[in-house]
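Structure, as structure tokens:
Bear in mind these aren't lab numbers, they're just calculated from the coordinates by the rules spelled out. Everything numeric here is computed off the predicted structure, so don't read it as measured data. Here the Cβ positions follow ideal geometry from the backbone for every residue, glycine too, while neighbour counts run over all protein chains shown.
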Amino acid sequence: MKRVGFLLKVKAEKIDEYKKIHENVWPEMQEALTRTGWHNYSLFMRPDGLLFGYFETPDSFEAALDGMAKEAINSKWQTLMAPYFEGMDETSSTPADEMMLELEEVFHLS
């Protein structure tokens, strides 16, 4: 399994709403993530909205993103999420999952 870490930035004024939405992620979205290789997926956020995401995948970050890009539910989720991220709004043509900045793993203790 490849471990993947990534960053995004939630708008300060949208943090509470973003957290609330993630209390009930759509079951169809969760199923699509699992089906496309997203395992042990977690999101962590600083008080200023800096978001760190982590997941494990059998392939690569790119393969996991490509798999989700083929899922119809992902398009609906990305449209819902667009207003929450810095550098995005309702008219943005770049989905949040394409703005993820992958981090290089430099150490792992198993």
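Just a few scattered comments:
- Of 29, 45, all but one fail to be of a type outside the set (Gly, Ala, Ser) and farther than 21 Å from residue 86 by Cβ; the exception is 29.
- Number of residues in region 31-53 that are assigned to a helix (DSSP H, G or I) and loosely packed, with under 13 Cβ neighbours inside 10 Å equals 3.
- With respect to the conditions (1) farther than 30 Å from residue 110 by Cβ; (2) touching a residue at least 60 places away in the same chain (Cβ under 8 Å), residue 19 falls short on a single one, namely (2).
- Counting residues in region 78-93 that are surrounded by fewer than 14 Cβ atoms within 10 Å (Cβ to Cβ) and within 12 Å of the chain's Cα centre (by Cα) gives zero.
- Lone qualifier among 106, 4 - being buried (at least 17 other Cβ atoms within 10 Å of the Cβ) and not polar (S, T, N, Q): 4
- Exclusive hit being without any contact (Cβ under 8 Å) to a residue 40 or more places away in the chain, touching a Gly at 6+ places or on another chain (Cβ under 6 Å) and surrounded by fewer than 16 Cβ atoms within 10 Å (Cβ to Cβ), set 12, 63: 12
- When we screen 56, 28, 23 for residues that are exposed (fewer than 13 other Cβ atoms within 10 Å of the Cβ) and either part of a helix (DSSP H, G or I) or touching a strand residue (DSSP E or B) at 6+ places or on another chain (Cβ under 7 Å) (or both), the only hit is 23.
- Test: residue in region 68-76 that is surrounded by 17 or more Cβ atoms within 10 Å (Cβ to Cβ), aliphatic (A, V, I, L, M) and in a strand (DSSP E or B): no
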